[in-house]
Amino acid sequence: MKKILAVFDGLKFSDSTLQYAVKMGIQHNAMITGVFLEDMTYSSRGIYQLYSEKEYAVDNVKHLVEEDRHERDAAVDRFENACKDASIAYMVHRDKQLAVRDLLKESRYADLLLLDASESMNRYTEESPTHFVREILEGTRCPVLLLPRHFTDIRRVFWLHDGSPVSIYAFKMFNYLLPVLNVLPMEIITAHFPGREEETVNSVLFKELVSLHTPHAGFISLIGQPDVEIPLFLRKQDKESLLILGAYQRNVFSMLFKPSMADVLVREHQWPLFIAHNK
């Protein structure tokens with residue numbers, strides 16, 4: 001892996017994204033590109049409200065724009081200083097048009113995208129996954145590592161396997177891009193209703209793939225409704241874990257994982273989620 005995008009909102013800087021970016025830059029000797037989305041439609045306060053409430057509205061708007069510029073500049077400085085202190089290669093892209101469009105374009109030319117699961121690119125508080133996060137996950141052209149609010153070292157990996165092609169694709173991309181992490185303890189989780197065990201887990205081809213990439217992997221088979229049993233199981237596990245998921249498209253993660261489970265995993269902000277699809 002050579003190029004990692006670390007996505008930042010300069011007006012609501014994510015410490016978690018910075019810490020994960022620096023750690024992964026060191027681990028994988030990769031270039032970290034700090035993408036600072038400075039959407040022209042987004043400010044820290046409502047400009048129209050300033051116009052309606054203040055006598056000298058134009059001066060107040062100018063002052064707000066200047067304050068936001070200083071805050072965004074400070075966020076870039078913070079990113080650059082962290083990279084310099086860690087002695088990792090970095091670049092800065094300040095995208096000043098429409099945040100979603102600019103970031104999706106950037107993703108075409110990157111190996112991995114790091115994004116805080118609570119990122120919204122507006123001044124309002126939204127429940128995760130936010131509208132912005134959903135749009136990025138649906139349209140990205142590279143795998144995404146969706147991050148929790150607080151940084152923690154990754155010491156274990158869970159692959160949520162449903163037997164679909166996109167699930168296998170996510171597993172392969174994880175191994176290709178993050179070789180430092182694929183040596184960690186890994187558990188392959190499946191869930192099924194009684195009497196409907198997933199056949200692909202027992203197939204020769206599946207076992208060959210797993211044995212070549214992660215011969216140390218263990219298997220966990222849960223009985224019951226997947227979008228209920230998998231989150232219940234994960235909540236009892238060590239939070240220093242990363243989850244591998246298949247495709248994230250509108251209202252579905254994959255053919256098996258229902259949106260209710262996907263939303264729970266994102267909303268809880270407990271684990272980094274490695275998400276990849278081959279659209």
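Just so it is clear, none of the values below were taken in a lab; they were calculated from the coordinates. Quick caveat, the model's predicted, so the values are computed rather than measured. So basically every Cβ, Gly included, is an ideal-geometry build from the backbone, and we count neighbours across all protein chains shown.
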Q | Under 5 Å, built H, 5+ apart or other chain: amide partners of PHE219 | A | ILE188
**Q.** Proximal charge balance of HIS93 [Cβ under 12 Å; K/R count +1, D/E count -1]
**A.** 0
**Q.** chymotrypsin sites (Phe, Trp or Tyr not before Pro) restricted to DSSP loop in segment 121-154 with at most 15 other C-beta within 10 Å
**A.** TYR124
Q. Along segment 97-112, what does the Karplus equation 6.51 cos²θ - 1.76 cosθ + 1.60 (θ = phi - 60°) give for ³J(HN,Hα), rounded to whole Hz, x for Gly and Pro?
A. 9, 8, 4, 5, 4, 5, 6, 4, 5, 4, 5, 5, 10, 10, 8, 8
**Q.** Label-point separation in nm, GLU229 to LEU205, each point 7 Å along Cα→Cβ
**A.** 2.5 nm
Q.
I need the shape label for segment 66-154. Rule: rounded when a/c is under 1.5, else prolate if a/b > b/c, else oblate, with a, b, c from the alpha carbon gyration tensor.
A. rounded
**Q.** Residues in segment 125-157 reached by a label modelled at LYS239 [backbone nitrogen below 18 Å; 7 Å Cα→Cβ]
**A.** 128, 146-157
Q. Packing-wise, with mean Cβ within 10 Å as the measure, how do 93-99, 266-272 rank, highest first?
A. 266-272, 93-99
